[in-house]
Amino acid sequence: MAYVAVRGGQEAIEASLALLAWERVRPGCSVEIKDIMAAFPDLIDQVMGESSLYAPELAALALKQAQGSCEEAVFLLRAFRSTLERPYVSCAVEPDAMRCSRRISAAFKDIPGGQILGATRDYSHRLIDFNLRKESTDTVRELRREMKRIWKEGWEADGLCEGDGFGGDDGAEAAQDLLPEASVRPPKKGAKDAASPPLGAFGRLPKVADYLRAQGLLAEYDADDATPADATMEPLVFPTPRSMRLQVLARGMTQGVVALGYAAIRGFGLGHPTVAELRYGEVEIAVEHPLGTPGASGDPLQAGRGDAYYLGAIPVTEVEGIFELEVENADGGKEFTFDLGYGMVMGRGETKAIAMSVLDFCLRSKDKRFPTQDEEFVLYHVDGIEATGFISHLKLPHYVTFQSKLSSVRKAKDLAKGSADKPADEPATGPADKSTDGGEGGNDDQAV
Amino acid sequence: MQRYERTRILVEGDPSLAQGIAAEIEAECAVEVVDEPHEELVMVKVRESVRNSLFYLGEALMCSCRVKLGDTMGYGMALGSRRNLAYNLALIDAAFASGAAQEKVPGWEHLIRKEAQRIARRQAKEAARVDKTRVDFSTMKVEA
C-alpha cells in the first residue's frame, strides 16, 4: 500500500477558497467580535467547551471566520491551541468553591442554601419573539437602563449602593472570618456596618450530595491527588483512567454526548439518574509560584492559596446525578444503594453536563452489554475533531479504492452470471477523473 | 497582603489601578523585562466531587510576563490576552517581593483594599439579582 500525491486541482481549489471568501462578504455587512460575544454567549461556550480551550474572544473570532459553523470554529480553536506553549497547570479547583449563579436539585425540595433558578430558559415559552426583529442597539440600551433602574431600587432597599454599607478601609480582609455559609446571600437591609465578605464568597453553597453522605447513603472517598491523565498529551488506551474519561467527555461534542447519555437512559445503558445537583457559576483559576510554593492549592477562601497567582475566573456547569444500584452486602445478600455520576463542562452546558454524568456512571461499570458502557465506543466517538474529521474525509477523492470495490462487485456479478468475459474497458472514474487514476493524481488520502 | 488576594483584586478590578501602581514603580526603579508579555496556556485542573479525584477540564488562554527589579523576579499572569495587565502585574509582583519601594507599599495596599470593596459591592449586586430567583417553597405550601 502507498499513497500518491495530488496534482491538477490547485486552480480549482484556489477558486473555491475565493468563492468561500466571496460568500462571507457578499451580504455587504459585517459583525464585530464584541457583538458576537454579546449576542451568542451560549454558542461561544459550546465552541470553547468542545475546543477544550477557554478563550471567549478567540471563540467569537473563530465563529466569525467559520461563518457560524460550530464544528469549523472548534477545529480552528483546537488548531490555534496547538501553537501555544502550556507551561502551567492550575491549582485544583475544589468542588464547593464555585460562585454559583444557578443551583437546583431534582432530588430534594429543601436544600441548604435553597433552590436558585438563576437565569434559565427552563420555564420560558418556546415562542419566537418577533419583537426582536425591530431591536437595535439603542433599544437594547434603553431596556438595559430601565432594568438597571429597577435593580437599583432593589439595591437601595437592601443597602447595597455605593457608600452604603460594606465596612471601613479594612473591608475584605477584616471579613475573612465570615463563614462561606453566611455569605451565600447578599447582605440584608440594616446590615450597613457589616464588612464585605471575602471576594468570591458570594454564591458559595454546600453540596447537596454531602447530605446523603452524612446519612451514610453515599460512600465517602479520600482525596486522590494522583496526577490526572491528559488527553491532549497521550492517546486513548483502554481501559482508561477515570481522569481521562472525564476529560474526553468534557471536551466531547455537545450533541454527541447528549445523544449517548439519552440512549443510556432509554435502555441502552444502566439506568435513569436523578439530578442531585446542577450548578452553574464561576470558579477561580490560580497557579502556584513558578518556582514552587508548597501548599498553594485548594480552596481560595482558605489560607492555602496565599502565595499563588490568581489568573481569573471561568464559568462552568457542574452536575451530580444519583443512580440507584444493587450491590452485594457483607452477608452475601443484595441491597440497594446509591452512587453518583459526575459532569462538568466549560460555560453553560446543562444538558451536556447531565449527559456526561450519565456516561461517567455508565462507563464505570465496565459491563459492555450496552454500548454506552463500552468506553471505546463512547470515548472514541464523542470527540468533535475526530468525528467530523473522519466523516469529512469521506468527501475527499477515493477514486482508486472505489475502483477496487467497483471491480470486485463487477467480478462477482459476472461470476454469478457464469460469464468468463471481463467487463468492457471504460473510463475508470468518469470523464473528469483521468488525471487522477492510475497513481498520477488522486488525493493524498488515496491508497493504491 | 498575600499574593493571592492582591492579584485577585488587581485582575478583577479596574485595570487603571494596576496601571497606576506600575507607573510609580517604573518611575522609581530600573526594570528589566525578562519575558515580554505573551500568550500561553494553563491547564485547568478540577477535583471532581464523586470520587474526590483530579481531572483536567480543559485549557485556558492566558498572558504572562516576567520582569526583574534588581535581583528579584516578578511574574504577571492573567487569563485572556491582557498584555498590559500581565506586564503591570509582573512589576507589582516584583516590587512587593523585592521591597524596592517599601515606603509606598502601605499606600498601594490601601488602594488595593478600596478596590476590593468596590468589587465586593459589584459581587453583592450580582448576588442580589440571583437571590431574587431563589424558590420559596414555603409560600407554595401556604397557597396550597
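The values are calculated or read from the model by the stated rules, or taken from the named source; none is laboratory data. Note that the structure is predicted; figures quoted are calculated from it, not measured. All Cβ positions, even for glycine, are placed from backbone atoms using ideal geometry, and neighbour counts span all protein chains on display. Side chains included, ligands, DNA and RNA excluded: accessible areas come from the protein's heavy atoms. Shrake-Rupley method; radii C 1.70, N 1.55, O 1.52, S 1.80 Å.
Quick one: of A:Lys34/A:Lys134; A:Lys109/A:Lys366; A:Lys334/A:Lys366; A:Lys148/B:Lys132; A:Lys109/A:Lys368; A:Lys207/B:Lys45, which pairs are farther than 24 Å apart, Cα to Cα? Pairs exceeding 24 Å: A:Lys109/A:Lys366; A:Lys109/A:Lys368. Placing pseudo-labels 7 Å out from each Cα toward the beta carbon at A:Lys148 and A:Gln255 gives an inter-label distance of 3.9 nm.
Binning all Cα-Cα separations of the range B:61-144 at 10 Å, short to long from zero, yields these whole-percent fractions: 16, 25, 26, 13, 9, 8, 3, 0.
By the helix-only formula, in which each DSSP H run with n ≥ 4 contributes -39500 (n - 2.57) and the sum is divided by residues, chain B has a 222 nm mean residue ellipticity of -17000 deg cm²/dmol. Couplings 3J(HN,Hα) for the range A:280-290, derived from phi with the Karplus relation 6.51 cos²θ - 1.76 cosθ + 1.60 (θ = phi - 60°), are 10, x, 9, 10, 8, 10, 9, 10, 6, 4, x Hz, where x marks Gly and Pro. Normalised by 2.2 N^0.38 Å, where N is the number of residues, the alpha-carbon radius of gyration of the range A:317-427 equals 1.91.
Both chains summed, the buried accessible area for B and A stands near 7600 Å², from protein heavy atoms and a 1.4 Å probe.
The mean number of Cβ atoms from other chains found within 10 Å of a Cβ in peptide A:218-225 is 3, as a whole number. In loop segments of the range A:47-132 as defined by DSSP, the GluC sites (Glu not before Pro) with at most 14 further C-beta atoms inside 10 Å of their C-beta are A:Glu85. A crude spin-label estimate for the pair A:Trp22 and A:Tyr221, with each label 7 Å from Cα along the Cβ direction, gives 5.7 nm.
Site pair A:Leu325 and A:Glu234 shows an inter-label distance of 2.4 nm when each label is modelled 7 Å from Cα along Cα→Cβ. Altogether, the Stokes-Einstein calculation at 4 °C and 1.567 mPa s, with the Kirkwood radius of chain B over Cα pairs as Rh, returns a diffusion coefficient of 74 µm²/s. Legend: mean number of C-beta atoms from other chains within 10 angstrom of residue C-beta atoms, peptide A:246-254, equals 3.
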